[in-house]
Amino acid sequence: NAGVTQTPKFQVLKTGQSMTLQCAQDMNHEYMSWYRQDPGMGLRLIHYSVGAGITDQGEVPNGYNVSRSTTEDFPLRLLSAAPSQTSVYFCASSYQTGTVFGYTFGSGTRLTVV
Amino acid sequence: ILNVEQSPQSLHVQEGDSTNFTCSFPSSNFYALHWYRWETAKSPEALFVMTLNGDEKKKGRISATLNTKEGYSYLYIKGSQPEDSATYLCARNTGNQFYFGTGTSLTVIP
């Protein structure tokens, strides 16, 4: 099992460019989510999905879109990158939705917007 | 936003010392409290999931306790080793959302 795979690991974008951060899991997890990690801010939830075809916003959704067409994949799209989106992005998946579950995290994508 | 707070923000201890740090969270609408260990350049790794008031979990030299009524959890490390150096995150989940604290950065000095 590969677990949660994120690509790319590093990316530099110019302001206004668009890109998609890829996330795939092979554990048949229902729940997937995207976080960004900024100094002094901890991990903040961007979007999450409780299953194929279902997505919802987290704490900081502005500037990001997601879709969940399959159980395995949960891409994060930046439509028009801004310097404020410079961050480290983590995708995570979980075996269970509802009251109690634990995450498996991807290895992260370090994004710089210049 | 449901704030999860961790203290201290960072900690330096000598090898062999025991240490502990705190995670505080709103006690209302509680489902579970999670602890993660996060080494530099790696992704967070789950340590414990606790759900019931009074829960205690242990994994080797690391243990955790939970008080849901007053809204706090302690993480203890007994006889710290250099390989324990990492950031320790706690997170509270309410249904489908996780709220993370900013972490406690632990450095164990050989």
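The values are calculated or read from the model by the stated rules, or taken from the named source; none is laboratory data. Keep in mind that this is a model prediction, so the values were computed, not measured. So basically every Cβ, Gly included, is an ideal-geometry build from the backbone, and we count neighbours across all protein chains shown. Heads up: the accessible areas ignore ligands, DNA and RNA and are worked out on the full protein's heavy atoms, side chains in. Shrake-Rupley method; radii C 1.70, N 1.55, O 1.52, S 1.80 Å.
Think of the stretch B:44-110 as a dipole: +1 on every Lys or Arg Cβ, -1 on every Asp or Glu Cβ, centred on the Cα centre; then among B:Leu47, B:Ala64, B:Pro110, B:Ala64 lies furthest on the positive end.
Charges were assigned to the Cβ only: +1 to each Lys and Arg, -1 to each Asp and Glu. The resulting dipole of the protein assembly as shown about its Cα centre is roughly 260 debye. Calculated over chain B, the projected area of the Cα convex hull averaged across directions stands at 6.5 nm². A straight chain from B:Asn20 to B:Thr94 at 0.36 nm per residue would run longer than the Cα-Cα distance by 24.1 nm.
Let me test this: with uniform point scatterers at the alpha carbons of chain A, what is the Debye-based log₁₀ I(q)/I(0) at q = 0.17, 0.23, 0.24 1/Å? Computed log10 I(q)/I(0) values: -0.75, -1.35, -1.45. Across peptide A:43-54, the mean count of Cβ atoms from other chains lying within 10 Å of each residue's own Cβ comes to 2. Within the straight-line cut-off of under 16 Å between alpha carbons, the lysines reachable from B:Lys78 are B:Lys57, B:Lys58, B:Lys59, sequence neighbours fewer than 8 places apart in one chain being disregarded.
Residues in chain B average 48 Å² of solvent-accessible surface per residue, probe 1.4 Å, ligands and nucleic acids excluded.
Excluding ligands, DNA and RNA, what is the accessible area buried between chains B and A, summed over both sides, using a 1.4 Å probe, to the nearest 100 Å²? Separately minus together, B and A give about 1700 Å² buried. At most 15 other Cβ atoms within 10 Å plus a DSSP loop assignment makes a site exposed; report the longest stretch of chain B without any exposed GluC sites (Glu not before Pro). So the longest stretch without any such site is B:71-110.
Kindly list the residues of the stretch A:1-43 that lie in the label zone of A:Asp73, defined by a backbone N under 14 Å from the point 7 Å along the Cα-to-C-beta vector. Flagged as within label range: A:5-8, A:20-26. Rolling a 1.4 Å probe over the heavy atoms of the protein chains gives chain A an accessible area of 44 Å² per residue.
Which is the longest stretch in chain A that no exposed loop site breaks, taking sites as trypsin sites (Lys or Arg not before Pro) with a DSSP loop state and at most 13 other Cβ atoms within 10 Å?
It runs A:15-114.
In this structure, the amide hydrogen of A:Gly3, modeled 1.01 Å from its nitrogen in the peptide plane, lies closer than 5 angstrom to those of A:Asp26, counting only residues at least 5 positions away or on a different chain.
The string of couplings for the stretch B:70-85 from the Karplus curve (6.51, -1.76, 1.60, θ = phi - 60°) is 9, x, 8, 9, 10, 10, 10, 10, 9, x, 3, 10, x, 6, 7, 4 Hz, one whole number per residue in order, with x for Gly and Pro. Annotation note: trypsin sites (Lys or Arg not before Pro) in the stretch B:26-62 located in DSSP loop regions with a Cβ neighbour count of at most 15 within 10 Å are B:Lys42, B:Arg61.
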